[in-house]
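Enquirer: Sharing a structure here in structure tokens format.
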Amino acid sequence: MGSIYLIRHGQASFGADDYDVLSPMGFRQAEILGAHLVQLDVRFDRCVSGDLRRQQDTAQTAMAQLNAVGHTVPTLEIDSAFNEFDADAVIRALLPAMLPDEPEALHVLRNAAQHRAEFQRLFALIIDRWLSGNYDKPGLQSWLGFAEQVQSGLHRVLDSAGSKDRIAIFTSGGTITALLHLITQMPARQAFELNWQIVNTSLNHLKFRDREVALASFNSHAHLQLMKDPALITYR
């Protein structure tokens, strides 16, 4: 059987003007991940990323650790199907209808870095509405549309994979969540309960034969835990 390692990007710049930039912590997490893969002697036949900057920078930083010890590192393939869903667009589309019940929501969302717990509560409410399909808006990608996008990317990888290939896919939490939903058939809401627990640069291992895919492990972040520094374990 072949293996796919779904790897979440390192910590991005939560609360900044441009979220799609790895923080110094995010680069450090990616370096630690790469060093861990070297220790495990994991070698990849292919390396894929979405086209977001935080995904590509995580891939390049981690793979540089393998390259430094002489491992053959495959050329990074870019497939936008593994991009994160546009959370800002979902918030803009669905928040207005919530304001009568959540009058402080705009303030919280505009100052998310200072109100992390409250931001998470509001964001979870918004995502729940998005998942339901009852609040779809023209021009806004639906949850079903996003899941179809992710599935098409997975099928492209599988259809061009060797039977024993080891493939790294550097992506985002929402994309990993969609794949969990598709592979395990768990309800989308249940999958998103797991989403909130996905650690930056965590490894999620899939085994595949042709288009048959099974989840082998979820959210492994031993590479960070072994550093014995709780600050390395982040979720955004």
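The values are calculated or read from the model by the stated rules, or taken from the named source; none is laboratory data. It should be emphasised that the depicted structure is a prediction, and the values quoted were computed from it without experimental measurement. Note that we place each Cβ from the backbone using ideal geometry, even for glycine, and neighbour counts take in every protein chain shown.
So that you can scan it fast, the table gives a plain yes or no per residue for (1) exposed (fewer than 13 other Cβ atoms within 10 Å of the Cβ); (2) at pLDDT 95 or above; (3) of a type in the set (D, E, K, R):
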| residue | (1), (2), (3) |
| --- | --- |
| Glu148 | no, yes, yes |
| Ser152 | yes, yes, no |
| Ala168 | no, yes, no |
| Ala178 | no, yes, no |
| Ser202 | no, yes, no |
| Lys207 | no, yes, yes |
| Phe218 | no, yes, no |
| His223 | no, yes, no |
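Enquirer: Report, ordered by the first and then the second residue, all pairs with beta carbons closer than 9 Å, sequence separation of six or more or different chains, a first member in the stretch 207-236 that is at positive phi and in a strand (DSSP E or B), and a second member that is surrounded by 17 or more Cβ atoms within 10 Å (Cβ to Cβ) and of a type in the set (Lys, Arg).
Expert: As it stands, the answer is Asn219/Arg8, since those pairs meet every condition given.
Enquirer: If you don't mind, another one. Any residue in the stretch 177-196 that's free of Cβ contacts under 8 Å to residues at least 12 places away in the same chain: show its pairings with residues that are crowded, with 17+ Cβ neighbours inside 10 Å and part of a helix (DSSP H, G or I) at Cβ separation under 8 Å, as long as the two are six or more apart or on different chains.
Expert: From residues that are free of Cβ contacts under 8 Å to residues at least 12 places away in the same chain, the pairs are Met186/Leu180; Pro187/His181.
Enquirer: Here's something else I'd like to know. Go through the stretch 37-79 and give me each residue that's farther than 19 Å from Ser3 by Cβ and of a type in the set (Asp, Glu).
Expert: The answer is Asp51, Asp57.
Enquirer: Given the criteria β-branched (Val, Ile, Thr), touching a residue at least 12 places away in the same chain (Cβ under 8 Å) and either over 21 Å from Thr201 (Cα atoms) or touching a helix residue (DSSP H, G or I) at 6+ places or on another chain (Cβ under 6 Å) (or both), does Val73 qualify? Working first, answer last.
Expert: Values: β-branched (Val, Ile, Thr): yes; touching a residue at least 12 places away in the same chain (Cβ under 8 Å): yes; either over 21 Å from Thr201 (Cα atoms) or touching a helix residue (DSSP H, G or I) at 6+ places or on another chain (Cβ under 6 Å) (or both): yes.
Yes.
Enquirer: Related question: Just checking, does the stretch 67-75 include any residue being part of a helix (DSSP H, G or I) and farther than 19 Å from Asp20 by Cα?
Expert: As a first pass, look at the stretch 67-75 and keep what is part of a helix (DSSP H, G or I): 67-68.
Within this subset, residues satisfying the condition of being farther than 19 Å from Asp20 by Cα are 67-68.
Yes, that holds for at least one residue.
Enquirer: Scanning the stretch 17-43 for residues that are part of a loop (DSSP other than H, G, I, E, B) and more than 19 Å from the chain's Cα centre (by Cα), which turns out nearest to Phe218 (Cα to Cα)?
Expert: Val42
Enquirer: Condition first: aliphatic (A, V, I, L, M), surrounded by fewer than 16 Cβ atoms within 10 Å (Cβ to Cβ) and over 17 Å from Arg236 (Cα atoms). Now tell me which residues in the stretch 79-114 satisfy that.
Expert: Listed by number, the residues that qualify are Ala89, Ala97, Leu99, Leu106.
Table: residues versus (1) at pLDDT 95 or above; (2) of a type outside the set (D, E, K, R); (3) within 19 Å of Leu232 (Cα to Cα); (4) in the same structural domain as His221 (by TED's automatic domain parsing).
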{"site": "Asp20", "(1), (2), (3), (4)": "no, no, yes, yes"}
{"site": "Gln29", "(1), (2), (3), (4)": "yes, yes, yes, yes"}
{"site": "Gly34", "(1), (2), (3), (4)": "yes, yes, yes, yes"}
{"site": "Val42", "(1), (2), (3), (4)": "no, yes, no, yes"}
